Amino acid sequence: MIPTPASTRFRVATALLIALLGAAVSGASTVPDGWFAWPAKEPVQGSALDVSGLNRVRGADLPRISVQDGRFVTPDGQRIRFWGTNVSGYEAYPADGDEATAIARRFAKAGINVVRLHHLDNPWGVGTGGSIWPADRKEHLELDAAQLDKLHRFIAALRDEGIYSNLNLKVSKQLVAEDGFDESVTSIANFQKRVDIYNRRMIDLQKDYARRILTTRNPYTGLSPAEDPAVAFVEINNENSLLGYWTRDLGRGLEKFPAPFVEDLRTQWNTWLARNYSDDAALARAWAPAAGDAARSLLNPSAKWELSLQPGSNAQLKTGRDATALELGVDAASGIDWHVQAHLRGLTLDDGAVYTVEFSAKADQPRKLAVGVGIDVASRPQDPWRSFGLLETVDLGTEWQTVRLVFPAHSVAGAPARLSLNAAQSTGTIQIKELRLVRDAAGAGLQAGQSPRDNSVPLPLSPSAAQWADWIRFLAETERAFAEELRSYLRDELGVTAPIACSQIDYGGLTGLNREQSMEFADAHAYWQHPDFAVGADWDAARWSIRNTPQLAEFRDRTFGELGNLALVRVAGKPYTISEYDHPAPSEFVCEMYPEVASFAARQDWDIIYTFCIGGYGKNNPDGRIKEFFDQLHHPAKWSQSPFASVLFRRGLVPAAQASNELRLGTPLWGEQLHAEVLWRQLIPNGPFNFLNVRYAVSDRGRPGAKATLVRPAQASRISVPLRLVNGASGKVYVIDSEQAAGAVGYLGGSKADAGPLRVTCESFGNNFASITAIALDGRPIKESDRVLVTAVARAGNQGTEWNEARNSFGDKWGEGPTIAERVPATISLAGRANRKVFALNPDGSRGEQIDSTESSFGLQFVISDDVNTLHFEVASN
């Protein structure tokens, strides 16, 4: 599968939220059989849903956070973990003091002790209360005083509840000509990412913004954010790398920027070359292409094309006399290009070599076609999909045209490759002929008349292998210089003492470790099955789809969904934070998210988890519906599990795995492979990764002249196995088994599950997929606890949604609030004393009716019957 940029890590949730606010919902709302209304309510103080007691220190006494021995610590050297969430755009600017106080209090009751202030600088909220920029000015210099006051008041309100802030600097500022640029600056998509790392004016503007937002005194605390211990973290530039912010194919696409910005980069490239090569002859020798047979195609003419279709798309494939020609007719198109794919398998590539894909093509009407080369997943089902260097979209017309795509191969590591054509952007017919794959590229190396000394060496579009290696090194060094300059400015000139990160560690692959080397912590993002949008319709509220399967299905010996991906890019010796994590709505398996990430992160010994993002609240969401993909607060299958997840993670109730694997690299860090995951698979070629019992980390300290190696310290004997996978009647079950926290997550319907102090017997229902957890709220083992919170949740959503036949989208028919949840027909058994009482809780955490319970040889037992309409049960001594 070749993903679109929107299906990876780049996202602007608020743009979609605005669109959804206008979505029409028709017809009367109904609650299906087996479901019940469960509106989002603030927990009553002191109720079983109020875990604000975790935040013992508040207000001006909140201690400063620093880094010691790879962990976040308070001044007394005590380790501190954080359970957090994101507020984005409008959500970061509460309308008034009462709203700021209310949402901060709500966060604390959910166990949150850090909030990431995100998209403060966005363009869509200007003038309507959702951005830091004033509406009466086109340039981005002065901050809106009223908006800054709202932000300051919110930081103070969070501090009063014992909640730290993570202040994000450059996220979504959209520069315009009035900021001192050529008019073409507005044509640079995605908030001028990549360009803002090398363009001097953009760098200076980032410094100016940092100065204004970090050094202005907060009247509600008496401190500027730079000196306030409650502003505990600063991020410089969100989801960005000069080498490529979402793609695995690093270094590509920079030639597509407007001419003034390409010329700027070309000048810096030539300056770098002149500094690193004594003369043009030395450069020409270094870049000389390897000898190869460019006339011989590497395609096997007898290979067969294969067609792959996703729901909502349909196509027919006609092949010619051999693999060099085909016709692809798309009858139904979802708009998401990889939903129709034609694959040609059986290719063999070498890491570091340069290849050219060339063919003639035409279509029955102007259209787009995506061309990619990546791993042959059919031959390597144990490996996740990955690109081998090519993922380009070309424009086709109705006349025959020659398409020539050059790519340096990477991430191959001996795996078989396939060529893919993605065509679900639109319906119609595509014809291909004279298809070739050849080694090397025409025009590679230093050409006659080119010299860095007269600034005439272009960006490398058709490079030799050595030429491309220099290009990657130049980009890596350039972005490292940017990161160091900004960090030094924050530290030395603005007086910021909080731990700093530049951007996400895996943006730029292993060059990201180089960029972030002097930063105090490493950060990453992950989304399980981020929504895919139709080509040309990013963030269109009606034209999207999801895959709608659980991450649990990807928990295997050698993969572990997005959690496994995150584990493999953790940096050794630094705190590790996940500042964006979500299983986006409307997935019907969202209930797995909180217990999985909290327990897995604890087992891997991570430091902060931030869910993304809170969603509109208060006046912005009067009926309390799920308003967009990433809404946490109003999603019963997410937010209801906050008490369990925050208590488990912050108290470390799942112990860190004692065994560990560390990947140590040579120099440069990216010299052998561009991505850590590939090296992990090379060094552990067979057998399980055992993510539930082994911690993973990558060292960012390269060893000159050394090859990548795997370091496995003496493995301690296994004391406990708090996390495990078992098989239920209809699928896997993820088990959390510790004295104070227990859970069974997954295909529980028609099955029994043993999670230590918690046992579950569940009837068949719905999708048979649910999460049932128990957490001791008094710090004692569940079997002895006087107060245990039990949560049972399956599917949840708005009322009146209208799924399509494939059940992978409902367009803009998001329904209305209040939200509803599916009942889990289970018998719950808790170890220990049977004389405790069981209460069904109301949405605000107050006690409802007492539930009948019985005594068994195991302990206390109760049944979630058809007339019980709650997600939560309090098991208490009184």
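Okay, here's what the table says:
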{"item": "Residue list for the stretch 118-131, restricted to those being under 25 Å from the mean Cα position of the chain (by Cα), in a loop (DSSP other than H, G, I, E, B) and not small (Gly, Ala, Ser)", "result": "HIS119, LEU120, ASP121, ASN122, PRO123, TRP124"}
{"item": "Criterion (modelled with pLDDT of 95 or more, within 30 Å of VAL126 (Cβ to Cβ) and either under 28 Å from the mean Cα position of the chain (by Cα) or of a type in the set (Phe, Trp, Tyr) (or both)) met by exactly one of ALA92, ALA13, ALA23", "result": "ALA92"}
{"item": "Count - residues of the stretch 380-391 that are closer than 11 Å to VAL678 by Cβ, assigned to a loop (DSSP other than H, G, I, E, B) and either open to solvent by 20 Å² or more (accessible area, probe 1.4 Å) or among the aromatic types (Phe, Trp, Tyr) (or both)", "result": "1"}
{"item": "Positions within the stretch 153-176 being in a strand (DSSP E or B) and touching a Lys or Arg at 6+ places or on another chain (Cβ under 7 Å), in sequence order", "result": "ASN166, ASN168"}
{"item": "Pairs, first in contact (Cβ under 8 Å) with a residue 40 or more places away in the chain and assigned to a loop (DSSP other than H, G, I, E, B) in the stretch 327-343, second open to solvent by 10 Å² or more (accessible area, probe 1.4 Å) and hydrophobic (A, V, I, L, M, F, W, C), C-beta under 6 Å, six or more apart", "result": "GLY335/VAL535"}
{"item": "Strands (runs of 3 or more DSSP E) within the stretch 392-493 that include 3 or more residues basic (Lys, Arg)", "result": "428-439"}
{"item": "Wholly enclosed strands (runs of 3 or more DSSP E) of the stretch 763-878 bearing at least 1 residues in contact with a Phe, Trp or Tyr (Cβ under 9 Å, 6 or more places away or on another chain) and among the small types (Gly, Ala, Ser)", "result": "769-776, 787-793, 796-799, 816-822, 826-831, 837-841, 847-851, 853-855, 872-876"}
{"item": "Residue in the stretch 293-300 that is of a type in the set (Asp, Glu) and under 17 Å from LYS368 (Cα atoms) present", "result": "no"}
{"item": "Within the stretch 797-830, tally of residues that are open to solvent by 20 Å² or more (accessible area, probe 1.4 Å), within 17 Å of ALA770 (Cβ to Cβ) and under 24 Å from the mean Cα position of the chain (by Cα)", "result": "0"}
{"item": "Matching residues, the stretch 587-614, being over 17 Å from the mean Cα position of the chain (by Cα) and either closer than 16 Å to GLY815 by Cα or among the polar types (S, T, N, Q) (or both)", "result": "GLU588, SER599, GLN604"}
{"item": "Qualifying residue in the stretch 306-322 (condition: of a type in the set (S, T, N, Q), closer than 26 Å to ILE546 by Cβ, open to solvent by less than 40 Å² (accessible area, probe 1.4 Å) and touching a residue at least 24 places away in the same chain (Cβ under 8 Å))", "result": "yes"}
{"item": "Selection count where residues are of a type in the set (Gly, Ala, Ser) and open to solvent by 40 Å² or more (accessible area, probe 1.4 Å), scope the stretch 102-146", "result": "4"}
{"item": "Hey, LYS207 in a loop (DSSP other than H, G, I, E, B), open to solvent by less than 50 Å² (accessible area, probe 1.4 Å) and of a type in the set (D, E, K, R) or not", "result": "no"}
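Residue by residue, here is whether (1) in contact with a His (Cβ under 9 Å, 6 or more places away or on another chain); (2) of a type in the set (A, V, I, L, M) holds:
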{"residue": "SER302", "(1), (2)": "no, no"}
{"residue": "GLU306", "(1), (2)": "yes, no"}
{"residue": "ALA323", "(1), (2)": "no, yes"}
{"residue": "GLY329", "(1), (2)": "no, no"}
{"residue": "ASP337", "(1), (2)": "no, no"}
{"residue": "LEU369", "(1), (2)": "no, yes"}
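The values are calculated or read from the model by the stated rules, or taken from the named source; none is laboratory data. This is a predicted model, so every value here is computed, not measured. For neighbour counting, all protein chains shown are included, and Cβ atoms are generated from backbone atoms with ideal geometry for every residue, glycine included. Side chains included, ligands, DNA and RNA excluded: accessible areas come from the protein's heavy atoms. Shrake-Rupley method; radii C 1.70, N 1.55, O 1.52, S 1.80 Å.
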